[in-house]
Amino acid sequence: MVEFGGFCMPIQYKSILNEHFATRNEAALFDTCHMGEFSIEGKGAADDLEKILSCDVDTLKIGACRYGLICNDQGGVIDDQILYRVAEQKFFMVVNAATEESDFFWIKENCSDTTEVKNLSSQTAKLDLQGPNSPFVINKLVRTPISSLKYFNFQENFIDDQRVLISRTGYTGEMGFEIYCDNRFATELWDTLLEAGATPAGLGARNTLRLEMGYPLYGHELRRDINAAQSGLDRALSRNKEFIGSKVIGDSQKNTQALCGIISTQRRAAKEGDTIVNTAGEPIGYVTSASFSPTLKCSIALGYIENSSSAIATSVTITSGTSSIEGKITELPFFREGTARKKLSSYFDE
């Protein structure tokens, strides 16, 4: 157990490898109650969020979710978030635990008087069910079948007569669901999902799974002092509007690095902060996250590298103290066989 975002969290229940492969091959359950949740509503809510978030809000349909960044005036990332459109002028937002309080005040400060922002974090529980078998696990429990739920969409439902909100976004690359409920129902729901066939999984597996997908983590790849344009999250950066920090983000002269994936045939993993050098031994970047990949059976890393040295297939060396790891820059994600986007109906037609 470790302290994480103000919570005491499990690194593992049985083993990181067991939980990693349970997610890739079966169904795993993650306790993500530490995440922050806000409600944002009022006649100015959509316009306010359009200014605050890097993603487009006007085209977000009711019942759909969208990933985006909350940026500062310098183009750095205050946090990443997922926005749910509940009604035309009513939204639900999920943010990271470590930045929950500062996110809340930033959003409130940048909203108009006609928009009401509420922090629902202390009363909201969140459990993530992930893996190719997750549709069969959850369908045993819900009142309304989830066979028509699309990727990055959500619906209200009931489990054991308790109202829940179920979405399909994921952080593992596999088919999966986020289940939001009243925090008084969380322990019972956790036990129910385990009894239905899920394997409990901790922070260790969550990190190896997201890293195999090349997903950034706030505090590592995403930071207030790193321009959002360098993160490779083009899908989250609207070119159709101005938002806080967008002018700096769009200034190519400010973007001198790129977030890259590095793969090595060696099993030993690099460490955050290790230096990345070119074949001439010159420093060209640094590692932000790294791990041994259980699925690919080799070491992988994410890191920021100078644009001039960031071409795919470029040979690099990661130096760590007196040792080194040889690798090559590779396309992301590292793992490409996930089930996240598979149609739910295909599970129940089989």
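Just a few scattered comments:
- Volume per residue of the convex hull around the Cα atoms, evaluated for region 171-285, comes out as 188 Å³.
- Set LYS140/LYS271; LYS150/LYS241; LYS297/LYS343; LYS51/LYS150; LYS108/LYS271 screened for pairs whose C-alpha atoms are more than 31 Å apart: LYS140/LYS271; LYS108/LYS271
- Pairs of Cα atoms in region 222-290 fall into 5 Å distance bins, from 0 up to the last occupied one, in shares of 3, 13, 21, 22, 15, 12, 8, 5, 2 percent.
- Taken over region 1-137, the ratio of Cα radius of gyration to 2.2 N^0.38 Å equals 1.18.
- Here is the P(r) of the chain: all C-alpha pair distances, binned every 20 Å from 0, give 29, 58, 12, 0 in whole percents.
- Each principal axis of the Cα atoms in region 145-202 has its own extent, and those three values, largest first, are 27, 25, 18 angstrom.
- Full extension of the chain between MET1 and ALA64 yields a length gain of 19.2 nm, computed as 0.36 nm times the residue separation minus the alpha carbon distance.
- Per DSSP, loop trypsin sites (Lys or Arg not before Pro) in region 48-108 with at most 10 further Cβ within 10 Å: LYS61
- Taking all pairs of distinct alpha-carbon atoms in region 67-140, Kirkwood radius in angstrom: 14.6 Å
- Inter-part distance where region 283-339 and region 77-105 are each reduced to a Cα centre, Å: 30 Å
- Dipole magnitude of the chain, debye to nearest 20 (Cβ charges: Lys/Arg +1, Asp/Glu -1, about Cα centre): 820 debye
- Kirkwood hydrodynamic radius over Cα pairs of region 106-252, then Stokes diffusion coefficient at 10 °C and 1.306 mPa s, in µm²/s: 88 µm²/s
- Reciprocal of mean inverse Cα separation for region 240-350 (Kirkwood radius, Å): 15.8 Å
- Sorted on the mean count of surrounding Cβ atoms within 10 Å across their residues, most packed first, peptides 291-298, 254-261 read 254-261, 291-298.
- Compactness check for region 159-238: Cα Rg over 2.2 N^0.38 Å is 1.39.
- Rh by Kirkwood over Cα pairs, then Stokes-Einstein D for region 97-178 at 1.567 mPa s and 4 °C, µm²/s: 87 µm²/s
- Ranking ASP73, ASP161 from most to least accessible surface, computed with a 1.4 Å probe over the protein chains only, gives ASP161, ASP73.
- When you filter the GluC sites (Glu not before Pro) in region 58-121 for DSSP loop state and at most 13 other Cβ atoms inside 10 Å of their Cβ, you are left with GLU88.
The values are calculated or read from the model by the stated rules, or taken from the named source; none is laboratory data. Just so we're clear, the structure is a prediction, and the values are computed from it rather than from any experiment. Here the Cβ is made from the backbone with ideal geometry for all residues, glycine too, and neighbour counts use every protein chain on show. All accessible areas refer to the heavy atoms of the entire protein, side chains included, with ligands and DNA or RNA removed. Shrake-Rupley method; radii C 1.70, N 1.55, O 1.52, S 1.80 Å.
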